[in-house]
Structures are given as structure tokens and as C-alpha cells.
1. In the set Gln137, Gln106, which member is part of a loop (DSSP other than H, G, I, E, B), among the polar types (S, T, N, Q) and at pLDDT 95 or above?
2. Is it the case that the stretch 171-182 has a residue that's touching a helix residue (DSSP H, G or I) at 6+ places or on another chain (Cβ under 9 Å) and small (Gly, Ala, Ser)?
3. Could you count how many residues in the stretch 147-176 are open to solvent by less than 50 Å² (accessible area, probe 1.4 Å) and either in contact (Cβ under 8 Å) with a residue 60 or more places away in the chain or part of a loop (DSSP other than H, G, I, E, B) (or both)?
4. Quick test for you: out of Thr67, Thr19, pick the one residue that is among the β-branched types (Val, Ile, Thr), surrounded by 12 or more Cβ atoms within 10 Å (Cβ to Cβ) and within 17 Å of Gly214 (Cβ to Cβ).
5. Please go through (1) under 30 Å from Ser24 (Cα atoms); (2) in a helix (DSSP H, G or I); (3) open to solvent by less than 40 Å² (accessible area, probe 1.4 Å) for Ala77 and return the number of the only condition it doesn't satisfy.
6. Taking the stretch 184-221 as the region of interest, how many residues are open to solvent by 10 Å² or more (accessible area, probe 1.4 Å), touching a Pro at 6+ places or on another chain (Cβ under 7 Å) and touching a residue at least 40 places away in the same chain (Cβ under 8 Å)?
7. Give the residues of the stretch 25-64 that are touching a residue at least 40 places away in the same chain (Cβ under 8 Å), part of a loop (DSSP other than H, G, I, E, B) and either β-branched (Val, Ile, Thr) or under 19 Å from Leu140 (Cα atoms) (or both), sorted by residue number.
8. Give all pairs with beta carbons closer than 6 Å in which a residue from the stretch 91-102 that is open to solvent by 20 Å² or more (accessible area, probe 1.4 Å) meets a residue that is assigned to a helix (DSSP H, G or I) and of a type outside the set (S, T, N, Q); count only pairs at least 6 apart in sequence or on separate chains.
Amino acid sequence: MPFDLDADGFTVLPRLLDTAACVSLARLYDADDGFRSRVVMARHGFGSGEYRYFAYPLPEPIQRLRTELYPRLAEVANTWNERLSSPIRFPDQHGAFLDRCHQAGQTKPTPLLLRYGEGDYNCLHQDLYGEHVFPLQLTLLLSAPGADFTGGEFVLVEQRPRMQSRAAVVPLAQGDAVIFPVHHRPVQGERGTYRVNLRHGVSRVHSGRRHTLGIIFHDAE
């Protein structure tokens with residue numbers, strides 16, 4: 001059953017990368033260069049596991065995905081902002097949006113590789129890095145569920161106004177990507193459109209090692 005961004009709050013792009021490309025990107029995690037920083041989650045209360053932010057220039061597959069996916073997502077983002085009565089509009093091309101970020105001092109690239117081992121998890125969070133925020137992002141599973149790891153499901157939680165929160169566990173295979181909101185999305189209610197806040201995370205890994213690629217379209221301060 002396909003998922004819909006408006007109806008479900010996320011959508012899955014199956015086999016966005018093939019197995020060889022996934023394995024190649026996961027192996028980059030241990031490289032000596034190509035990254036600007038490393039974060040150990042437990043030190044900051046983010047969960048357990050670690051991740052590394054890429055430096056510019058980005059590896060070709062990541063640069064290509066970031067550039068090619070952005071125009072289609074910008075159409076969705078502009079529609080959402082119109083529904084939410086927000087004056088912010090996003091340019092057609094990713095380079096123009098990055099120029100906007102860089103002029104505001106957001107110059108650090110945000111794509112990242114994440115690594116989880118047995119017992120690791122990622123607390124629910126939002127990836128906000130400055131004034132300029134593109135409202136959609138992507139997580140791509142580089143490891144094979146069942147073969148490389150068990151557990152470690154992608155979790156998305158909607159915090160609905162005056163209602164209980166709703167969680168979704170998104171099934172992903174190796175090479176699949178989930179597109180989801182960075183912080184909120186519009187939902188049509190009986191009295192008009194209202195804003196729903198979202199957070200995402202990863203449940204505890206039971207065994208093995210799990211690698212994912214995160215692609216965020218705004219840069220950081």
C-alpha cells in the first residue's frame with residue numbers, strides 16, 4: 001500500500017539506491033576525511049549511536065539526490081505554506097535556496113551518515129538548524145533489515161492539537177527512502193486547515209549494525 005504525504009504525513013520512495021550504492025555509502029562512515037563533524041548521541045542526550053555530518057563537496061550520489069529531489073519537494077512545500085497562510089515560498093532550484101541559507105549565515109552542509117549498533121536508538125527530534133528551514137527531509141536506509149540488523153524501525157510521531165499523539169512505524173527495505181516533514185505539516189479539519197507538529201526517531205536496534213543516510217535540504221549555522 002503506497003503512502004501519501006498529505007494523508008499519512010510521509011511517503012516512501014522504494015529502491016532509490018541499489019544495494020551496491022548503499023554499501024558504498026555506508027563504508028564511508030570510517031573514512032578519514034569528507035566529514036565536518038562527528039556526534040556521539042549519548043553525550044548530548046540524543047539517544048545512543050553516532051552520526052557524522054558531511055563536508056562540502058558532498059559525495060556525488062548525495063549531491064545528485066539533494067539536487068534532483070528538491071524541485072518536486074519545493075512544489076509540495078509551497079503548497080503546504082499556502083495552506084498554512086505562511087508567506088514563505090521556496091525557489092524552484094536547490095542552489096537558489098542554498099544561496100538564501102548562506103546569505104543568512106547557514107553555510108554548513110547538513111547531509112549525514114548515522115550508525116547504530118546493538119542497543120542503540122535515536123530519540124524523537126526535529127532537524128532545525130537556523131532561520132531558514134526547508135519543511136521536508138529524507139532518510140534512506142543503507143543496511144538490509146534482517147540481514148544486517150534487527151529492530152531499529154523508523155518512527156514518526158504526530159503531535160495533534162487537543163488530541164493524543166499518533167505514531168507511525170515506517171517499513172523500509174535497503175535502498176528505500178522515507179520523505180517526511182521536518183517540523184510540521186498542514187492537515188484539513190472540519191473548521192479548516194490546522195498545523196500538526198512532528199518528530200522522528202529510531203527504535204532500539206536489537207542486533208547487528210544499521211546505517212542510514214539523512215538528507216536535509218537547508219544548511220546549518
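1. Residue meeting the stated conditions: Gln106.
2. Scanning the stretch 171-182, I find at least one residue that is touching a helix residue (DSSP H, G or I) at 6+ places or on another chain (Cβ under 9 Å) and small (Gly, Ala, Ser), so the answer is yes.
3. Qualifying residue count, the stretch 147-176: 12.
4. Thr67
5. (1)
6. 2
7. Matches in the stretch 25-64: Gly49, Ala55, Leu58.
8. Pro91/Phe97; Asp92/Pro71
The values are calculated or read from the model by the stated rules, or taken from the named source; none is laboratory data. Just so you know, these numbers come straight off a predicted model, no measurement behind them. Cβ: placed from backbone, ideal geometry, glycine included. Neighbour counts: every protein chain shown. In case anyone asks, the SASA skips ligands and DNA or RNA and just uses the protein heavy atoms, side chains included. Shrake-Rupley method; radii C 1.70, N 1.55, O 1.52, S 1.80 Å.
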